[in-house]
Amino acid sequence: MTTPLKRMALYAALAAGAFVSVFPYLLVVLTALKTRRQLSTTEPWLPGLPPTTANLAEILGGDFPRFLANTVVMTVLLTLGQLVFTTFAAYAFARLRFRGRDVLFWLYVATMMVPSAVTVIPLFLIMRELEAVNTWYGLLAPYILGTPYGIFLMRQFFKSLPGGLEEAARIDGAGPLTVLFRILLPLCRPAIGTLAIITVISSWNSFLWPLIITSGDETKVVTVAISALKVGIGVDRGLMMAGGLIALAPMVAIFIFFQKYIVRSVVLTGLK
């Protein structure tokens, strides 16, 4: 096969892959802009003519903006908590010396092998005993102090930094916190950006734990709100897709504005 034909075949394969990836999101947009009549009279992959914003107006006219605000608050708090506590824990595991450090670290990382569905019931029982069901504390507490993956990622990045930088700072009289904040953290921006992006996406899309721990509108998030958009025994697909479109918009905006850092995060998480 000649080079032009190979290039055409490559572009065709990439275009097909891109179409398969984008098609579900296209269906969300098309369905959200259809009336109930158009949903039953047109094919799912065809636009409804004329398009309508009635579904978006209906869902935004209710409590959905409040649920969206709850999701923003949850995502911001979880991301800040992850960055702060994960950084401290990773620094301790990577740079500080204490008895049982490596054993404790690998035992903690081993919890990644436990499916999250297994820990949901024990977590709920703990929160019930603490009277934290349907509260912000119960929603945030299990994940705001860091995750095994985040600590593992930051620890590996800390260990990849030259040890001479820290030794030189200690010779000059710097303590552990000074070394962390003034020497190591400025060098960890790629890892911090990666952790922030991963945490924002996972927090925004979180469903199982918010579904179980929350039952009122005060702490309900968009994923739970979208799942509750049902009419009788059926599902109002137009409203659900309108809610999905609104929930999807911030993630698309983040990708557009931070795509360079997202690509860098993918590369970073693939490196040892």
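The values are calculated or read from the model by the stated rules, or taken from the named source; none is laboratory data. Remember, it's a predicted structure, so these values are computed and weren't measured experimentally. Cβ placement follows ideal geometry from the backbone for every residue including glycine, while neighbour counts extend to all protein chains displayed.
Some points to look at:
- Candidates 120, 84, 109 - the one that is free of Cβ contacts under 8 Å to residues at least 40 places away in the same chain and under 23 Å from the mean Cα position of the chain (by Cα): 84
- Filtering 183, 212, 197, 226 for residues that are touching a Gly at 6+ places or on another chain (Cβ under 6 Å) and of a type in the set (Val, Ile, Thr) leaves a single hit, 226.
- Among the candidates 252, 221, 266, residue that is within 20 Å of residue 147 (Cβ to Cβ) and modelled with pLDDT of 80 or more: 221
- Taken over the range 138-174, the residue count meeting the criterion of being touching a Pro at 6+ places or on another chain (Cβ under 9 Å) and closer than 30 Å to residue 128 by Cα is 1.
- For residue 34, the conditions (1) free of Cβ contacts under 8 Å to residues at least 24 places away in the same chain; (2) of a type in the set (Lys, Arg); (3) under 22 Å from residue 246 (Cα atoms) are fulfilled apart from (1).
- Residues that are closer than 19 Å to residue 250 by Cα and either hydroxyl-bearing (Ser, Thr, Tyr) or not in a helix (DSSP H, G or I) (or both), drawn from the range 1-23: 21
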